[in-house]
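Read the structure below first, then the notes.
The values are calculated or read from the model by the stated rules, or taken from the named source; none is laboratory data. Predicted model, so just to flag it, every value in this text is computed and none were measured. No Cβ is skipped: glycine too gets one built from the backbone with ideal geometry, and neighbour counts run over all protein chains shown. To get the accessible areas, we keep the full protein, side chains included, count just its heavy atoms, and leave off ligands, DNA and RNA. Shrake-Rupley method; radii C 1.70, N 1.55, O 1.52, S 1.80 Å.
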Amino acid sequence: MELDVLELSRLQFAMTAMYHFLFVPLTLGLSIIVAIMETVYVMTNRPIWRQMTKFWGTLFGINFVLGVATGITMEFQFGMNWAYYSHYVGDIFGAPLAIEGLMAFFMEATFVGLFFFGWDKLSKRAHLVVAWLVAIGSNFSALWILIANGWMQNPVGAEFNPVSMRMEMTSFFEVVFNEVAQAKFVHTVSAGYVTASVFVLGVSSWYLLKGRHIDLARRSIAVAASFGLASALSVVVLGDESGYEATLNQKMKLAAIEGMWHTEPAPASFTLVGFPDSEARETHYAIHIPWMMGLIGTRSLTEEIPGITELVEAAEGRIRSGILAYDALVQIRELKESAPANLTAQFEAHSDDLGYAFLLKRYVDDPREATEEQIVMAANDTVPTVWPLFWAFRIMVGLGFAFIGLMVYFFYRANWKGMTFPRPALHLAVWMIPAPWIAAELGWFVAEYGRQPWTVDGVLPTAMSVSHLTISDLLITLAGFITFYTILFVVEIGLMLKYIRKGPYMDVAETDAWMEKHEHRLRTHDGRVPGISTPAE
Amino acid sequence: MILYELIDFEILRVIWWLLLGVLLIGFALTDGFDMGVGALLPFVARTDLERRQAINTVGPVWEGNQVWFILGGGAIFAAWPPLYAVSFSGFYLAMFTVLAALILRPVGFKYRSKRESTAWRSAWDWALFVGGAVPALIFGVAVGNILVGVPFHLTPELIPMYDGPFYAKFFGLLNPFSLLAGLVSLAMLLQHGAAWLALKTDGMVETRARRFGPFFGYLAAVGFALAGVWLAVGIDGFAFAGEVVTDGPSNPLLSEVIRGGSWLDAYGDRPWIAIAPLMGFVGILMAARSFGGHGDLSPLLWSKLGIFGVISTVGLTMFPFILPSSVDPNASLTVWDSSSSHMTLFVMLVCTVIFMPLILAYTAWVYSVLWGKVTVEDIEDNSETVY
């Protein structure tokens, strides 16, 4: 691969975004799990639940801070590396980012300090409210970020303004209630809940295997398995909703994920596994499930899902139409007010395809001078590389079903088998800890790599979005980010492991006081008082 | 939707220019003392306990404070997209340095006291020092460069292009005037950090903060005065050459701009803006003087006034210019030609009117819950749970 400014900028964005998303899902889910635990504490007054809140809260804090820190990069990187993108769609894309700050991030960040430092300064109920505000703030953050991202996938509620040379908002309502954004939001936060549930389940299982902090671990598993089961189901169901939305607007992404090289008669079959080959435009050794793709993608038996070859032909037509829009645009810019009405009409007739003309800018400065060959090349560029999408998607979905299995099993053992867990299951739960992160990263990869060659689908190509920086600029920052982020990652994992090994911090005085007060209730028939918590070994 | 036409495009642009100022000032007033405390850490706090005392004064609030920065970025993106695009990519390596410093800082706060090792803790103390001092300096340097003019031009398709070699994007920023501006910014925030510590700590940390604070205050005041003189005699201003459309679509290339005259001509056209530098001087100097008194709060309040005055001075002096271009004055970004569309500005204003009062209210509540000094004893008693 040739390393130019575009490729390096993409690499840097992908790297920093995926790194950021190592911390986000755990924040989304653990904030809620911690708030649930604190709710139980406030309702029952049992010190064990306070201990759990504080213990998982500490791990939440270690993770949260890196989510915040790496989020700073995201907020500024559009301007730094994607200057033309920022100019071209900032009128729409900037709004949800700013609202995220106003409505969500401010709330979560202002209260998170009080969550950690306010235990002695606030009443129990006030502290509980703070915990929920942190959780709600985090989740609302995700909503606005996904509204921004959803607009890149499905740019609704906006039109091109030829004078300011950019997209401008025509309906805020459409931008906010973009179906793609809504489906992505629920899918993404559910994935975050699954991540946190698997994390809590895994760490608690490790404690049970080691015979430590039994009470804390069992109760944590009970919370994680119930919350995780609901979330795991929701991830898969709403992931399917995302797929359905993709059929409606990002047909090329869908075709690439499915390795559908040609339009099949409806209802199309689903390729379970196979080896996609971009050169030959076919998938070797494919195993098909008849009808399934048509049902998932269109929810009908009669609608067709277009294949890659047919979509490339359509793109070629749109490129030719885009050239007409571009031609009119340049002339209007030169003539200003004196531009004749037929030019304006020509522009308006073709302006939806303007972005397709920009695809030619990779090959020729002025799209009007493009040769036939270049038009064909640009049309072929609309196909993302198929095999990584094909496989990433299948691994993600496979993991999604595995999480359901895991959660069903633990939920069953927790509720009907008296909280007893066989050792192999506990080992499995520990080994599953990294899996939700893998699934989440693959999910983002499918969504964003599958959007190529566009930054905003059908509107602005990635190649045009990038800042006019130099290779040296990019090499310096890329090396900086890699070094810096690697160190932070090592430090973070080190601290997480340290605090997991250390286990919960038990407030002995509080526990004793509670024990004394409730002694009559706790005394068993042989007169012993069982421990509230297993003492630290 | 015609609703957004309730407020004229021109007025919305001015409102968003004011809100840009509010966000920058909000950032400087809140995150400013975090940066000041970080940069002062090696000097005002010598022992581990003292350092933890200083760090824990900002421990519960830095996250919220930092959101002013994030929101500033988001609001510039939403309301002034060309400014967001041109400045962040034009100051590319400087921005990267700021990001790196600002990423180090939160991690430093959170992770520093999570291990006992001295090497670990002193490494994070350095990170906090860098994370405080470097952004404080660079923000000032950036403002200096904006006053001098930034070397960018725009193609007819409004693609931002930068002139000069890549390292110019970093070292080119370090011209003498901009370094002076950086110094003012650093000194001002150091005084602000000292004022915060005077309010929130006791013992040796408070004593040292009260001793260092005035020095930085006087330094900031002298630097601010020098910068004013320099602007009067050494730096050309920018001005519109012809008719200006204030409510047209945003395209910087449609208006003609010339370089010449002085930025300070603004004080002839709008004499009332002199109140801004006046507030700057009064605030900074009164803060410096009040460190010796017994009032805990007064250095901080005066310092806030000073910062408010200094930042307002820059904005009011340049109005309506936001980011002038030194190589192609016509490409300069101004209030009238680099905003978002009429509708977006309106929608964003509605959101701001709803949420900004809420933010201010709960931020005030959080500060009131945390009211009072952080003492060495607090740290010893809660060693497990505090930073």
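Considering A:471, A:438, A:476, A:482, which residue is within 14 Å of chain B (Cβ to nearest Cβ) and farther than 25 Å from residue B:83 by Cα?
A:482
Taking region B:243-281 on its own, how many of its residues are among the β-branched types (Val, Ile, Thr), open to solvent by 60 Å² or more (accessible area, probe 1.4 Å) and more than 14 Å from residue B:317 (Cα to Cα)?
Qualifying residue count, region B:243-281: 2.
Can you name the number of the only condition in (1) at pLDDT below 90; (2) in a helix (DSSP H, G or I) that residue A:163 fails?
With respect to (1) at pLDDT below 90; (2) in a helix (DSSP H, G or I), residue A:163 is out only on (2).
Can you go through B:219, B:190 and tell me which one is part of a helix (DSSP H, G or I) and surrounded by fewer than 24 Cβ atoms within 10 Å (Cβ to Cβ)?
That would be B:219, the only listed residue that is part of a helix (DSSP H, G or I) and surrounded by fewer than 24 Cβ atoms within 10 Å (Cβ to Cβ).
From the set of residues in region A:295-310 that are open to solvent by 30 Å² or more (accessible area, probe 1.4 Å) and part of a helix (DSSP H, G or I), which is nearest to residue A:357 (Cα to Cα)?
A:310
Go through A:345, A:328, A:286 for me and flag whichever is of a type outside the set (Asp, Glu) and farther than 29 Å from residue A:361 by Cβ.
Result of the check over A:345, A:328, A:286: A:286.
Those residues that are of a type in the set (D, E, K, R) and either within 7 Å of chain A (Cβ to nearest Cβ) or part of a helix (DSSP H, G or I) (or both), I need them from region B:34-92; list them, please.
Across region B:34-92, the qualifying residues are B:34, B:48, B:50, B:51, B:52, B:63.
Condition check: away from chain A (no Cβ under 13 Å), free of Cβ contacts under 8 Å to residues at least 40 places away in the same chain and β-branched (Val, Ile, Thr). Does residue B:107 satisfy that?
No: the conditions fail for residue B:107.
Is it fair to say residue B:142 is more than 8 Å from every other protein chain (Cβ to nearest Cβ) and without any contact (Cβ under 8 Å) to a residue 12 or more places away in the chain?
no
Among the numbered conditions (1) more than 10 Å from chain B (Cβ to nearest Cβ); (2) touching a Ser or Thr at 6+ places or on another chain (Cβ under 8 Å); (3) open to solvent by less than 20 Å² (accessible area, probe 1.4 Å), tell me where residue A:110 comes up short.
Going through (1) more than 10 Å from chain B (Cβ to nearest Cβ); (2) touching a Ser or Thr at 6+ places or on another chain (Cβ under 8 Å); (3) open to solvent by less than 20 Å² (accessible area, probe 1.4 Å) one by one, residue A:110 breaks only (1).
For region B:342-358, what are the residues that are farther than 15 Å from residue B:75 by Cβ and either surrounded by 18 or more Cβ atoms within 10 Å (Cβ to Cβ) or over 23 Å from the mean Cα position of the chain (by Cα) (or both)?
Our first condition is that a residue be farther than 15 Å from residue B:75 by Cβ; within region B:342-358, this holds for B:342-343, B:357-358.
Selection gives B:342, B:343.
Checking the conditions here, which among B:133, B:101 is in contact with a Leu (Cβ under 9 Å, 6 or more places away or on another chain), in a helix (DSSP H, G or I) and in contact (Cβ under 8 Å) with a residue 12 or more places away in the chain?
Working: B:101 fails: in contact with a Leu (Cβ under 9 Å, 6 or more places away or on another chain).
Sole residue among the options that is in contact with a Leu (Cβ under 9 Å, 6 or more places away or on another chain), in a helix (DSSP H, G or I) and in contact (Cβ under 8 Å) with a residue 12 or more places away in the chain: B:133.
Go through A:198, A:194, A:163, A:175 for me and flag whichever is within 14 Å of chain B (Cβ to nearest Cβ), buried (at least 23 other Cβ atoms within 10 Å of the Cβ) and of a type outside the set (Phe, Trp, Tyr).
A:175
Which residues, counting only those in region B:362-381, are under 15 Å from residue A:120 (Cβ atoms), facing chain A (nearest Cβ under 8 Å) and not aliphatic (A, V, I, L, M)?
Correct list: empty.
Got at least one residue in region A:257-278 being assigned to a helix (DSSP H, G or I) and within 21 Å of residue A:237 (Cα to Cα)?
Yes, because at least one residue in region A:257-278 is assigned to a helix (DSSP H, G or I) and within 21 Å of residue A:237 (Cα to Cα).
How about region B:347-361: which of its residues are closer than 16 Å to residue B:14 by Cβ and at the interface with chain A (Cβ under 9 Å from one of its Cβ atoms)?
B:348, B:352
Within region B:24-33, is there a residue that is crowded, with 22+ Cβ neighbours inside 10 Å, touching a residue at least 40 places away in the same chain (Cβ under 8 Å) and outside any helix (DSSP H, G or I)?
Scanning region B:24-33, I find no residue that is crowded, with 22+ Cβ neighbours inside 10 Å, touching a residue at least 40 places away in the same chain (Cβ under 8 Å) and outside any helix (DSSP H, G or I), so the answer is no.
Might you let me know whether region A:266-284 holds any residue that is in contact (Cβ under 8 Å) with a residue 12 or more places away in the chain, surrounded by fewer than 14 Cβ atoms within 10 Å (Cβ to Cβ) and of a type in the set (Phe, Trp, Tyr)?
Yes - at least one qualifying residue is present in region A:266-284.
Give me a count of the residues in region A:279-312 that are of a type in the set (A, V, I, L, M) and out of contact with any Ser or Thr (no Cβ under 8 Å at 6 or more places or on another chain).
5
Can you find a residue that is free of Cβ contacts under 8 Å to residues at least 40 places away in the same chain, farther than 19 Å from residue B:317 by Cα and open to solvent by less than 20 Å² (accessible area, probe 1.4 Å) anywhere in region B:169-187?
Scanning region B:169-187 turns up at least one residue that is free of Cβ contacts under 8 Å to residues at least 40 places away in the same chain, farther than 19 Å from residue B:317 by Cα and open to solvent by less than 20 Å² (accessible area, probe 1.4 Å).
Go through (1) surrounded by fewer than 17 Cβ atoms within 10 Å (Cβ to Cβ); (2) of a type in the set (A, V, I, L, M); (3) at pLDDT below 90 for residue A:438 and report which single condition fails.
Of everything listed in (1) surrounded by fewer than 17 Cβ atoms within 10 Å (Cβ to Cβ); (2) of a type in the set (A, V, I, L, M); (3) at pLDDT below 90, residue A:438 misses just condition (3).
Could you please give the count of residues in region A:326-384 that are under 22 Å from residue A:451 (Cβ atoms) and small (Gly, Ala, Ser)?
Residues in region A:326-384 being under 22 Å from residue A:451 (Cβ atoms) and small (Gly, Ala, Ser): 5 in total.
Exactly one of these conditions fails for residue B:338: (1) open to solvent by less than 20 Å² (accessible area, probe 1.4 Å); (2) farther than 30 Å from residue B:201 by Cβ; (3) more than 24 Å from the chain's Cα centre (by Cα). Give me its number.
Among (1) open to solvent by less than 20 Å² (accessible area, probe 1.4 Å); (2) farther than 30 Å from residue B:201 by Cβ; (3) more than 24 Å from the chain's Cα centre (by Cα), the lone unmet condition for residue B:338 is (3).
Within region B:372-387, can you find the residues that are surrounded by fewer than 13 Cβ atoms within 10 Å (Cβ to Cβ) and outside any helix (DSSP H, G or I)?
B:372, B:383, B:384
Residues are listed down the side, and each one gets a yes or a no for (1) touching a residue at least 40 places away in the same chain (Cβ under 8 Å); (2) within 7 Å of chain B (Cβ to nearest Cβ); (3) over 30 Å from residue B:115 (Cβ atoms):
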residue	(1), (2), (3)
A:24	yes, no, no
A:29	yes, no, no
A:38	yes, no, no
A:48	yes, no, no
A:60	no, no, no
A:68	yes, yes, no
A:80	yes, yes, yes
A:83	yes, yes, yes
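Give all pairs with beta carbons closer than 6 Å in which a residue from region A:136-159 that is farther than 21 Å from residue B:71 by Cβ and of a type in the set (A, V, I, L, M, F, W, C) meets a residue that is open to solvent by 10 Å² or more (accessible area, probe 1.4 Å) and not in a helix (DSSP H, G or I); count only pairs at least 6 apart in sequence or on separate chains.
The qualifying pairs are A:158/A:167; A:158/A:169; A:158/A:170.
Have a look at A:128, A:133 and point out the one that is farther than 17 Å from residue B:339 by Cα, in contact (Cβ under 8 Å) with a residue 40 or more places away in the chain, open to solvent by 10 Å² or more (accessible area, probe 1.4 Å) and assigned to a helix (DSSP H, G or I).
Selected residue: A:128, the only one of A:128, A:133 that is farther than 17 Å from residue B:339 by Cα, in contact (Cβ under 8 Å) with a residue 40 or more places away in the chain, open to solvent by 10 Å² or more (accessible area, probe 1.4 Å) and assigned to a helix (DSSP H, G or I).
Quick one: count up the residues across region B:33-62 that are farther than 29 Å from residue B:362 by Cα and of a type in the set (Ser, Thr, Tyr).
Residues in region B:33-62 being farther than 29 Å from residue B:362 by Cα and of a type in the set (Ser, Thr, Tyr): 1 in total.
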